[in-house]
Amino acid sequence: MANGTWQQSAISSSIEPLGRSPARTLLAASILLLLICDAHGDPSSARPPAPDAQPFQGSFQGWIDGDSSSRASIYMNLSQSGRNISGWAELGSGLRVNTGGFLCPGTISVPASRFAVGGSVRDGQPGMLQASSQIPVSRRAVKVEISGDASSGDGSMRLDIRLNLPWPCRSSRLSASLSRLA
């Protein structure tokens, strides 16, 4: 017990010289605040939430813009397993693309259709998608290259779409904006 009494008196004697002055209390509070901020990070530099681990998983709906001020609805249902993306897209009616004319038919309508989509997430860029598909245009299967960006973390996706038309026709570049459905 004598040993326990000695420890208690040593602690008491080290605390008593601090006293209770306002300056010392402020100093102690400042040191405590610095230690808390250092351990947990500066609250003024809060980090944004981590991006969705699978930003392309789920159902998305939006619009695709074509030539001649045309626009069509687009719905995508995608599955993501690691880097691999698979699913399908459904394109509504109203989309028109300009094939270049002369030897090509000019501006044509892309029929409403449903088609498979397959691709992968880019290496080191989990919010970026590279995919491909084929859609029927004027009784031909046209290869479609899709680049997607879902890196904003808000459930939206922006697509850049290239329709690879055969030579001598002009390949069309289209854009789409989609939002994740709840």
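Would you confirm whether any residue within the stretch 100-116 is under 15 Å from residue 86 (Cβ atoms), within 21 Å of the chain's Cα centre (by Cα), without any contact (Cβ under 8 Å) to a residue 60 or more places away in the chain and part of a strand (DSSP E or B)? Taking every residue of the stretch 100-116 in turn, none turns out to be under 15 Å from residue 86 (Cβ atoms), within 21 Å of the chain's Cα centre (by Cα), without any contact (Cβ under 8 Å) to a residue 60 or more places away in the chain and part of a strand (DSSP E or B). Here the condition is being in contact (Cβ under 8 Å) with a residue 40 or more places away in the chain, in the same structural domain as residue 62 (by TED's automatic domain parsing) and touching a Leu at 6+ places or on another chain (Cβ under 7 Å); of 133, 172, it holds for 172 alone. Just one of the listed residues (124, 94) is free of Cβ contacts under 8 Å to residues at least 40 places away in the same chain and surrounded by fewer than 15 Cβ atoms within 10 Å (Cβ to Cβ), namely 124. Taken over the stretch 141-157, the criterion of being closer than 16 Å to residue 78 by Cα, aliphatic (A, V, I, L, M) and free of Cβ contacts under 8 Å to residues at least 40 places away in the same chain is satisfied by 146 alone. Just to be sure, is residue 177 of a type in the set (Gly, Ala, Ser), part of a strand (DSSP E or B) and closer than 15 Å to residue 62 by Cα? Taking the combined requirement at face value, the residue satisfies it.
Would you mind stating whether residue 160 is modelled with pLDDT of 90 or more, exposed (fewer than 14 other Cβ atoms within 10 Å of the Cβ) and either of a type outside the set (Gly, Ala, Ser) or on the phi > 0 side of the Ramachandran plot (or both)? Yes: the conditions hold for residue 160.
Hey, could you check the stretch 58-71 for residues that are in contact with a Ser or Thr (Cβ under 6 Å, 6 or more places away or on another chain) and of a type in the set (Gly, Ala, Ser) and say which is farthest from residue 124 (Cα to Cα)? Restricting to residues being in contact with a Ser or Thr (Cβ under 6 Å, 6 or more places away or on another chain) and of a type in the set (Gly, Ala, Ser), the top hit is 68. Scoring residue 87 on the criteria (1) touching a residue at least 24 places away in the same chain (Cβ under 8 Å); (2) farther than 16 Å from residue 131 by Cα leaves a single failure, condition (2).
The values are calculated or read from the model by the stated rules, or taken from the named source; none is laboratory data. Worth saying up front: this structure is predicted, and the values here are computed from it rather than measured. Counting neighbours? That spans all protein chains shown, and the Cβs are built from the backbone with ideal geometry, glycine included.
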